[in-house]
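Enquirer: So that we are looking at the same thing, I have put the structure below in structure tokens.
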Amino acid sequence: MKVLMRGVHLTLTGPLREYLQEHLVRHIERYADDEAAEVDIALVDINGPKGGVDKECRVTVRMPNFAPVHVTETAETLFHAIDAARDRLERSLKRAVDRRRDVHTAGLPDDVAANVPNY
């Protein structure tokens, strides 16, 4: 899986990159474990030095044979935005994989459908 991290109007520090890797990328690896999968993460400071609820985490996941999944979350801190984006992204990816599985197993007997791999 290819992971692209970038900061818009802010600098991605080492600890922030580690936090992204541990709290976001690691959680979605089980859905996007293909070498051709790509995760694009953009952390944005919308208002710059003015402050306010202006930290945004934008994540786009592209997987083979799936439509791209895009999630944007805004919060007071980058860490809260990352965690909220992770939760929404996990739900969205799970739903996409389950839909794909339902389409591939429709009409099959239950014992055969249980052995169909997730794609």
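Throughout, read-outs are computed from the coordinates displayed, never taken from laboratory work. Predicted model, so just to flag it, every value in this text is computed and none were measured. When we count neighbours, we look across all protein chains shown, and the Cβ atoms used for this are built from the backbone with ideal geometry, even at glycine.
Enquirer: Report, in whole Å, the centroid distance computed from the Cα atoms of region 1-39 and region 40-106.
Expert: Here the answer is 11 Å between Cα centres.
Enquirer: As an exercise, find the ratio Rg/Rh for region 2-113 from alpha-carbon atoms, using the Kirkwood inverse-distance average for Rh.
Expert: On the Cα set of region 2-113, Rg over Rh gives 1.08.
Enquirer: Next question, about the same structure. Might you report the magnitude of the Cβ-based charge dipole of region 2-113 about its Cα centre, with Lys and Arg at +1 and Asp and Glu at -1, to the nearest 20 debye? Mind showing how you got there, number by number?
Expert: On the way: 17 positive and 20 negative charges, 52 e Å.
Here region 2-113 has a charge dipole of around 240 debye.
Enquirer: Where in region 1-50 are there trypsin sites (Lys or Arg not before Pro) that are in a DSSP coil and have at most 15 other Cβ atoms within 10 angstrom of their Cβ?
Expert: Loop-located and lightly packed - 30.
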